[in-house]
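To start, the structure under review is shown below, and the notes come after it.
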Amino acid sequence: MWRQREIRLPGRDRGFHLVTTEVLDALPELAELQVGLLHLLIAHTSASLALNENASPEVRRDFESWANQAVPERAGYWTHTLEGQDDMPAHVKAALFGPTLTLPVKDGRLNLGTWQGIYLCEHRDHASGRTLIATLWGEER
Amino acid sequence: MWRQREIRLPGRDRGFHLVTTEVLDALPELAELQVGLLHLLIAHTSASLALNENASPEVRRDFESWANQAVPERAGYWTHTLEGQDDMPAHVKAALFGPTLTLPVKDGRLNLGTWQGIYLCEHRDHASGRTLIATLWGEER
Amino acid sequence: MWRQREIRLPGRDRGFHLVTTEVLDALPELAELQVGLLHLLIAHTSASLALNENASPEVRRDFESWANQAVPERAGYWTHTLEGQDDMPAHVKAALFGPTLTLPVKDGRLNLGTWQGIYLCEHRDHASGRTLIATLWGEER
């Protein structure tokens, strides 16, 4: 089985957001896979995907604090500044956390650790929404 | 061919550890693939997987030194501190190095560069062990 | 359909380089896929692959500036220094940006965002060239 579809996520505040349920709700075919994989690409260069702790909002807030300190705005070495001071740091953060996730599927469900959830990492101050390309493939049940 | 199985790795000290042989020993079916891929997920949010230099223990020690400087404990911006001062930095390091690896297989072997080995990156002070979900798929020999 | 082949890229200056066209020119079979994926591995431990902004050379220059500040040469904690002061930082940068990319294919083309391009991130001062292992799989048109 192969499926590929676009998932449109609404605009969100800058920060790290848990989107596991939203992504899975858009992929009913996942239930048909016995063994397989789900690949997600975020089709943008200033937002990213990560897989991390799905319980505490503090964890996601601390991710944002760390990222802002590690990739600072207004640093003297930025030359690509025309699109706003949040733009170039957003590109670097996007590449660090990465634009894709590949996740195992078993018995019609994601086969993740108990505490793992999918993060949409929004690195711009104002984004109107983000598109994911989801690809599912594997053996049907 | 599709195979998915859990690999249980014993607890290790905080640091970067070469686990290529251990992972391959748990996957005898890899020898049956002519062309394919191996996907590994670490089912945890405070440890990660990386692919890097497989020869010098100094390299792995320097990874740990860099990570501790780049994601410091006791930084003022951490708010999720209930689980220990190593916990929140471990989450960030885990997302930076990443929870998955996808590796090409050819003629029954991983098709990597000469110097590439699989790292288990343990970011907690005390972990009792780590679970990998390994998925293999491709054309049989 | 499964295809796996080596792509040899010529030596490049240290920095972030857009190589989308070069990679696609080496993969004519991609046009035969209806739905599928392209996996790229860089078979080295001191260079990496990323997916980011494909328009402005300033963006790629700023990536290099950020990386040099975040993973500094001559830091006191490096112990693996025999291969040059650029070597150990190159290993860390390589693991941060990552050694692989997995990209969706649709209707015979990469299904990426408008602004996304493939970067070869060269982290050494003098590299004679880099090898990618490209794996393509999916449903034929």
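Could you run through segment B:49-85 and say how many residues are surrounded by fewer than 17 Cβ atoms within 10 Å (Cβ to Cβ), of a type in the set (Asp, Glu) and more than 11 Å from chain A (Cβ to nearest Cβ)?
Matching residues across segment B:49-85 total 2.
Sort out which residues of segment C:35-69 are among the small types (Gly, Ala, Ser) and in contact with a helix residue (DSSP H, G or I) (Cβ under 7 Å, 6 or more places away or on another chain), and write them in order of number.
Scanning segment C:35-69 gives C:46, C:47, C:48, C:50, C:67.
Within segment C:1-53, can you find the residues that are hydroxyl-bearing (Ser, Thr, Tyr) and closer than 13 Å to residue C:130 by Cα?
Of all residues in segment C:1-53, those hydroxyl-bearing (Ser, Thr, Tyr) come to C:20-21, C:45-46, C:48.
Result: C:45, C:46, C:48.
Name the residues in segment C:1-19 that are open to solvent by less than 60 Å² (accessible area, probe 1.4 Å) and in contact with a helix residue (DSSP H, G or I) (Cβ under 6 Å, 6 or more places away or on another chain), would you?
Those that are open to solvent by less than 60 Å² (accessible area, probe 1.4 Å) and in contact with a helix residue (DSSP H, G or I) (Cβ under 6 Å, 6 or more places away or on another chain): C:15, C:16.
Which residues, taken from segment C:91-141, are at pLDDT 95 or above, within 26 Å of residue A:4 (Cβ to Cβ), surrounded by fewer than 19 Cβ atoms within 10 Å (Cβ to Cβ) and more than 7 Å from chain A (Cβ to nearest Cβ)?
Hits for segment C:91-141 are C:107, C:108, C:109, C:114, C:140.
Does segment B:65-85 hold any residues that are under 18 Å from residue A:57 (Cα atoms) and not aliphatic (A, V, I, L, M), and which are they?
Within segment B:65-85, B:76, B:77, B:78, B:79, B:80, B:81, B:83, B:84, B:85 qualify.
Restricting to segment B:21-38, name every residue that is in a strand (DSSP E or B) and surrounded by fewer than 22 Cβ atoms within 10 Å (Cβ to Cβ).
Of the residues in segment B:21-38, the ones in a strand (DSSP E or B) are B:33-38.
Answer for segment B:21-38, where residues must be in a strand (DSSP E or B) and surrounded by fewer than 22 Cβ atoms within 10 Å (Cβ to Cβ): B:34, B:35.
Give the residues of segment B:92-116 that are more than 18 Å from residue B:28 (Cβ to Cβ) and either among the acidic types (Asp, Glu) or outside any strand (DSSP E or B) (or both), sorted by residue number. Quick ask: steps written out before the conclusion?
Of segment B:92-116, the ones more than 18 Å from residue B:28 (Cβ to Cβ) are B:92-102, B:104, B:112-116.
B:92, B:93, B:94, B:95, B:96, B:97, B:98, B:99, B:112, B:113, B:114, B:115, listed by residue number.
The values are calculated or read from the model by the stated rules, or taken from the named source; none is laboratory data. Here the structure is a predicted model, which is why all the values come from computation and not from measurement. Quick reminder, even Gly has a Cβ in these numbers, built from the backbone with ideal geometry, and neighbours come from all protein chains shown. Note: accessible area is taken over every heavy atom of the protein model, side chains too, but ligands, DNA and RNA are not part of it. Shrake-Rupley method; radii C 1.70, N 1.55, O 1.52, S 1.80 Å.
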